[in-house]
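Undergrad: Just passing along the structure, written as structure tokens.
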Amino acid sequence: MESMKTNALHVLGLDDNMRMVTKKVYSSLPEPPVSLHAPLAFAAAAWSPRDGVDRISALPDDILHNIVSRLPAKDAARTSALSTRWRRLWRSVPLVLADAHLKHTGRAPRPDELDRAGGLLLRAMDGMRDVARMVSTALAAHPGPFRSVHITCTPMDAHRSELALWLQLLAARGVKELVFVNRASKFDTDVRLPATLFRCSSLARLYIGFMRIPAVATVPSAASFPHLRELGLCSLIMGQRELAVLLDRCPVLENFEIVCHRELLRLRVASHSLRCVEVCMSIVEEITVEHAARLERLMFWETFGTGGVIDNVRGIIDMRTRVKIGHAPNLRVLGFLVPVMHELSIGNTDIRAGTKPNRRTMVPSVQMLGIQLKLFDNNQVRMLPSFLRCFPNVETFYIQSETTLSGNTTGKLNPKLLQETSPIECLQKHIKKVIMREFRMQRSELDFLKFIVERGQVLEKVVVVLTHTCSSSADRLRASLSTFMASTRLANEDCKLIVCESPFPIDATAWCFQGAFNMSKDPFDVSKCFKDGASCRAD
């Protein structure tokens with residue numbers, strides 16, 4: 001499946017860097033609320049009454065209204081040709097439009113042909129068909145309201161004149177959900193998003209990508225998104241001032257993600273409504289949580305710091321990102337922190353190796369913590385106990401084991417760095433589950449695993465997720481780990497070991513973007529995200 005997706009991206013003429021960014025961006029997008037799996041033509045072919053009686057048209061309007069609302073736009077529009085009644089039905093149903101559905105002209109795709117990245121494979125394999133004219137026709141023909149519009153397959157640099165018109169129609173028709181992503185083929189694309197976007201005040205969900213945000217001076221001072229609860233900014237050219245103004249215009253925003261930001265990022269979280277913040281694959285100077293009373297999840301992955309040099313053994317070193325946590329009394333999930341690279345501050349205290357814990361240096365609300373760690377890097381390992389002491393009530397602990405640039409872990413964990421540390425409250429009294437990901441059976445990983453299980457007095461489960469390179473020898477490694485655990489003095493003799501293979505695609509992120517917005521689920525548990533087509537946000 002991964003090779004098919006990569007080949008599909010080659011069809012679009014993307015270089016390696018652009019392919020990587022494109023996959024990250026599209027993996028973060030929500031799926032359209034209707035599917036190509038059961039278009040009208042295939043549903044009709046599957047059921048045909050023997051007596052020729054049209055029982056569907058005999059159904060009451062409210063049921064037919066529900067049926068039409070579940071069809072892709074192209075099939076829903078076709079129903080208007082059946083009769084005046086059907087035409088009236090189509091025009092009364094809130095429009096759901098996805099340009100990916102307009103591009104598709106063949107049979108309905110099988111589930112194994114659709115990727116979890118929102119149909120990126122399908123769009124690529126459908127070729128380079130330009131559907132901008134069809135989008136314009138659909139938007140103009142329907143009187144509204146617009147329930148959901150996904151424009152993600154159109155090269156907008158070739159249709160700049162249409163962008164403002166589309167946004168005018170979307171604003172006039174009261175669009176509720178908009179995914180507006182330029183199909184860019186290179187990084188230097190400079191499509192400017194029209195300021196008309198700020199007229200779409202009815203939006204509850206907005207994703208924009210591969211464009212330049214309009215300058216603050218072009219945005220009406222009174223413009224805002226009073227109903228916007230979910231916002232995704234994907235590979236945007238956007239300055240600090242524009243970002244601050246945009247967030248300030250979203251008074252009820254709950255879910256926020258930034259993916260592949262194309263400018264240096266300094267993110268300030270000061271909101272009475274935000275519940276989840278995700279930052280991925282961006283150069284980040286600082287993330288500051290000032291006052292966020294409702295914030296439950298602060299998640300970042302591949303948030304590279306400023307500065308840095310390449311070391312052949314340790315990879316990119318000496319990068320720095322400031323992570324400041326102020327007032328966040330409901331913060332439950334935090335990760336993935338990278339010791340040393342992430343310079344952590346709690347309140348007004350900078351957390352360093354050996355920092356003694358006190359109530360001013362703790363975030364007691366955090367129950368799930370993710371750490372990305374090179375276990376052979378003594379500087380990172382030395383910082384780990386200080387990080388753990390900041391979160392005394394952690395119950396679920398994720399460790400992402402990292403390698404060098406070459407994929408080798410040439411160093412070894414110095415056991416004294418952990419053995420000589422003073423007691424860590426969360427490890428001894430609260431952590432019930434530990435998940436070690438990207439496990440390679442290195443000595444440093446085994447030493448760290450031993451450190452955990454010998455101190456985890458309430459530890460119930462250790463899950464070891466093998467890296468892709470170990471998949472061929474999974475059974476042997478599973479047996480070796482069982483033997484290793486049997487020879488280790490467990491603080492809790494009832495602790496169970498589970499060894500499994502990685503469910504991730506090789507270049508996936510540490511969580512499912514859309515799944516992270518489901519507050520009832522573990523956002524870092526992706527065991528099902530890449531195995532089936534079910535929505536990760538489903539209850």
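Undergrad: Filter segment 215-243 down to the residues that are over 26 Å from CYS512 (Cα atoms), among the hydrophobic types (A, V, I, L, M, F, W, C) and outside any loop (DSSP other than H, G, I, E, B), then identify the one that is least open to solvent (accessible area, probe 1.4 Å).
TA: Going through the qualifying residues, I end up with VAL216.
Undergrad: Pick out, from segment 1-71, the helices (runs of 4 or more DSSP H) lying fully within it that include 1 or more residues that are closer than 19 Å to ILE151 by Cα and at pLDDT 75 or above.
TA: The qualifying helices (runs of 4 or more DSSP H) are 16-27.
Undergrad: Any idea which residue in segment 170-203 is surrounded by the fewest Cβ atoms within 10 Å (Cβ to Cβ), counting only those that are among the charged types (D, E, K, R) and either in a loop (DSSP other than H, G, I, E, B) or touching a helix residue (DSSP H, G or I) at 6+ places or on another chain (Cβ under 6 Å) (or both)?
TA: ASP188
Undergrad: Just to verify a result, which residue in segment 183-210, among those that are of a type outside the set (Lys, Arg) and over 23 Å from ARG173 (Cα atoms), is nearest to the chain's Cα centre (by Cα)? Working first, answer last.
TA: Here is the first cut: in segment 183-210, the ones of a type outside the set (Lys, Arg) are 184-185, 187-191, 193-198, 200-204, 206-210.
Pick out the ones that are also over 23 Å from ARG173 (Cα atoms) and you get 184-185, 187-191, 210.
Values: ALA184: 20, SER185: 22, PHE187: 21, ASP188: 24, THR189: 23, ASP190: 24, VAL191: 24, PHE210: 16 Å.
Taking the candidates together, the pick is PHE210.
Undergrad: Going through segment 334-377 one residue at a time, which ones are outside any loop (DSSP other than H, G, I, E, B) and open to solvent by 10 Å² or more (accessible area, probe 1.4 Å)?
TA: GLU343, THR349, ASP350, ARG359, ARG360, MET368, GLN372
Undergrad: So VAL526 fits all but one of (1) open to solvent by 20 Å² or more (accessible area, probe 1.4 Å); (2) modelled with pLDDT under 90; (3) assigned to a loop (DSSP other than H, G, I, E, B); what number is the exception?
TA: (1)
Undergrad: Using the structure shown, decide if ALA108 is out of contact with any Asp or Glu (no Cβ under 7 Å at 6 or more places or on another chain), at pLDDT 75 or above and small (Gly, Ala, Ser).
TA: Against the criterion (out of contact with any Asp or Glu (no Cβ under 7 Å at 6 or more places or on another chain), at pLDDT 75 or above and small (Gly, Ala, Ser)), ALA108 does not qualify.
Undergrad: Among the candidates ASP475, ASP447, single out the residue that is buried (at least 17 other Cβ atoms within 10 Å of the Cβ), part of a helix (DSSP H, G or I) and either modelled with pLDDT of 90 or more or over 26 Å from the mean Cα position of the chain (by Cα) (or both). Outline the logic, then answer.
TA: Details: ASP475 fails: buried (at least 17 other Cβ atoms within 10 Å of the Cβ).
From the options ASP475, ASP447, the qualifying one is ASP447.
Undergrad: Which of the residues that make up segment 450-472 are in contact with a Ser or Thr (Cβ under 8 Å, 6 or more places away or on another chain), in a helix (DSSP H, G or I) and more than 28 Å from ASN393 (Cα to Cα)? Give the steps one after another, and end with the answer.
TA: Looking only at segment 450-472, we keep the residues that are in contact with a Ser or Thr (Cβ under 8 Å, 6 or more places away or on another chain), and these are 450, 453-454, 465-468, 471.
Add one more test, that the residue is in a helix (DSSP H, G or I), and what stays is 450, 453, 468, 471.
Across segment 450-472, the qualifying residues are HIS468, SER471.
Undergrad: Also: Kindly indicate the residue of segment 292-324 that is more than 12 Å from GLU343 (Cα to Cα) and modelled with pLDDT of 95 or more and also surrounded by the fewest Cβ atoms within 10 Å (Cβ to Cβ) among those meeting that condition.
TA: Ranking the qualifying residues of segment 292-324, first place goes to ALA293.
The values are calculated or read from the model by the stated rules, or taken from the named source; none is laboratory data. On a predicted model such as this, the values are computed, not experimentally measured, just so you know. Note that each Cβ is placed from the backbone with ideal geometry, even for glycine, and that neighbours are counted across all protein chains shown. Surface areas here come from the heavy atoms of the whole protein model, side chains and all, with no ligands, DNA or RNA. Shrake-Rupley method; radii C 1.70, N 1.55, O 1.52, S 1.80 Å.
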